[in-house]
1. Quick one: I181, I41, fewest Cβ neighbours within 10 Å first, how do they rank?
2. Pairs of Cα atoms under 8 Å, at least six residues apart: use those to get the relative contact order of segment 4-200, whole percent.
3. Within 12 Å, Cβ to Cβ, of N80, how many net charges do the neighbouring residues add up to if Lys/Arg are +1 and Asp/Glu are -1?
4. Which ordering of V14, V138, V4 is given by a fewest-first count of other beta-carbon atoms within 10 Å?
5. D44 to T166: extension gain in nm, 0.36 nm per residue of separation minus the Cα-Cα distance?
6. Compute the distance from the alpha-carbon center of segment 113-166 to that of segment 10-58, in whole Å.
7. By count of other Cβ within 10 Å, fewest leading, how are T89, T46 ordered?
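Read-outs: derived from the displayed coordinates by stated rules, not from any lab. All values reported here derive from a predicted model rather than from experimental measurement. Cβ: placed from backbone, ideal geometry, glycine included. Neighbour counts: every protein chain shown.
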Amino acid sequence: MTHVRFTEEMLGHVTFGEEDHHRGAHPDRDGAGALKFHLTIVVDDTERFAGDPRRSARAFGYVESDVLGGRLPVEHGAFNLFVDTEPGTKHMLYRLFFRDGAGHPVTLSGHKLIKNDAGFDVWRDTTTLFTRVLRGHVHEADEAGAELVASGVLRIRARDFARQLTTFRGSARGLYTFNTIFLGQLAEAYLRKGRRAHVAT
């Protein structure tokens with residue numbers, strides 16, 4: 001079986017009671033607090049991963065936030081790579097189940113928006129996570145009716161991204177398959193639209 005694993009760390013701010021991600025990301029707002037996660041993401045079978053339209057992987061590690069109770073272990077985590085949502089738009093999805101410092105179940109639900117907007121935005125899109133903290137352990141299908149705790153934005157710093165690249169482990173075939181998927185999906189998101197436009201002219 002081919003497999004791949006790597007670590008990822010993201011950090012930023014969320015604001016309690018705020019629904020808008022961008023407003024929630026400001027650290028100087030009332031109710032704002034720092035939040036980060038450190039995850040190991042595991043693709044158990046890259047061949048199956050390649051054929052899965054949701055490209056699902058496991059995630060484990062911790063969420064850290066003083067306002068939520070410190071360093072909190074992830075009880076169950078899921079990561080989805082480049083999920084097609086509409087023509088020209090893809091998402092990377094994160095869903096982490098954990099408990100706050102008082103033992104209450106909490107969910108971190110996040111998405112990276114992969115879309116070919118004006119300008120060179122590949123770095124911004126792939127390193128920006130729009131984040132919501134929800135009360136309870138909330139599955140994707142139930143999120144619309146879930147109770148919102150906080151919203152904000154997490155990001156990967158350049159030095160953390162450089163470190164992340166050194167953490168990739170797996171079989172040679174697994175790493176090749178994963179990299180082929182990753183680069184192919186980026187090309188589909190950012191290049192093919194431009195090529196179609198060029199042909200149309």
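1. Numbers: I181 18, I41 21.
Ranking I181, I41 by Cβ neighbours within 10 Å, fewest first, gives I181, I41.
2. Values: 444 pairs, mean separation 46.7, N = 197.
Relative contact order of segment 4-200: 24 percent.
3. On the way: positive: R54, R55, R58, K90, R95, K112; negative: D52, D84, E140.
Charge balance near N80 sits at +3.
4. V138, V4, V14
5. Values: separation 122, 0.36 × 122 = 43.92 nm, distance 1.91 nm.
Once the chain is fully extended between D44 and T166, it gains 42.0 nm.
6. Result: 4 Å between the Cα centres.
7. Details: T89 13, T46 25.
Placing the least packed residue first, the sequence is T89, T46.
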